[in-house]
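The values are calculated or read from the model by the stated rules, or taken from the named source; none is laboratory data. What you see is a predicted model, and the numbers here were worked out from it, not measured in a lab. Cβ placement follows ideal geometry from the backbone for every residue including glycine, while neighbour counts extend to all protein chains displayed. Keep in mind that these areas ignore ligands, DNA and RNA; they rest on the heavy atoms of the full protein, side chains included. Shrake-Rupley method; radii C 1.70, N 1.55, O 1.52, S 1.80 Å.
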Amino acid sequence: MQDMPSPLRRSVLYVPASNEKALAKCASLDCDAVVFDLEDAVAPEQKVAARERLRDFLAGDGRPGCEIVVRINALAGDWGTEDLLAARAARPDGILLPKIDGPKDILDADAALDEMDAPRALKLWAMIETPRAMLNLGPIVELGQNPAARLACLVAGTNDLAKETGISLSPDRRHMAPFLLQMVMAGRAGNLAVLDGVSNDFRDLDAFGQACLEARAMGFDGKTLIHPAQIGPANAAFAPSRGDVAEARAVVDAFALPENQGRGAISLGGRMVERLHLDMAQTLLARARAIEEREQ
């Protein structure tokens, strides 16, 4: 029996809560999820106004139908508690916690949501963007095995990691890649979705498309975006190709044959195919169906 596929998060667009024009546009976009940002994208003097604008927007008719996440300011700071209260009232699907250092940051947010009587369906996402978070990945992702902790997704904060460590964010990201791979490995150990960081040059869509393909090859579920022009390339890169779907269907069909149903491995097209490949094929086909349903 296959686990239910996780929500599609090929393209996850940051939208500044202070930008009224961007808020109004987001419902018409084809991204899988929107992160309404109260943190880095909002200047200090605009924090309170942005919070109120977002609360009114999400209560209105322009609310997008995709997955909705709110990135709050750190709970330990001046704006975090009020952000969390406003976010909980806005009924998002998730709340993104910035600059966490360890599991305590997530548990504190979970406890605060419990005190607010937030539904268990409200999940927590965590930005991995500090050296301490990288060092504490093991304890952090252990929370993914505990439904009571609400943790559902890790988000790579590559800009902050580069700032805090001095690691170069070169176009090929060769110096950052080891840490990105650690996030993916840790996320899988915790049964968490994992999203790649943003690409800052939103005008070079060819380079962006290549970055998405590399992120998919690393194992990321999708990519965080800073501009609507990046949505299409991200959706394409993180979707199974026709060839992928055909190959997966061939694996499923082969194992469904009466003579193969009790076998752990079979020969298909000149190669050995095991039950683990069947699991992978079924997961891919479920993802393809979810994308098809979303695009209808």
Pair list, Cβ < 9 Å and 6+ apart or interchain, from region 1-21 residues that are under 21 Å from N235 (Cβ atoms) to residues that are open to solvent by 60 Å² or more (accessible area, probe 1.4 Å) and at pLDDT below 90: L8/R294
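Name the single residue, out of those in region 185-211 being in a helix (DSSP H, G or I) and open to solvent by less than 10 Å² (accessible area, probe 1.4 Å), that is nearest to A126 (Cα to Cα). Walk me through how you get there before you give the answer.
Narrowing region 185-211 to residues in a helix (DSSP H, G or I): 185-189, 205-211.
If we keep only those that are open to solvent by less than 10 Å² (accessible area, probe 1.4 Å) too, we end up with 187, 208.
Working: G187: 11, F208: 24 Å.
Per the criteria, the residue is G187.
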Any chance region 45-56 includes a residue that's aliphatic (A, V, I, L, M) and closer than 23 Å to T158 by Cα? no
Single match in M218, M272, M280 (criterion: touching a strand residue (DSSP E or B) at 6+ places or on another chain (Cβ under 9 Å) and open to solvent by 60 Å² or more (accessible area, probe 1.4 Å)): M272
Limited to region 1-17, what total is found for residues that are at pLDDT 95 or above and open to solvent by 10 Å² or more (accessible area, probe 1.4 Å)? 4
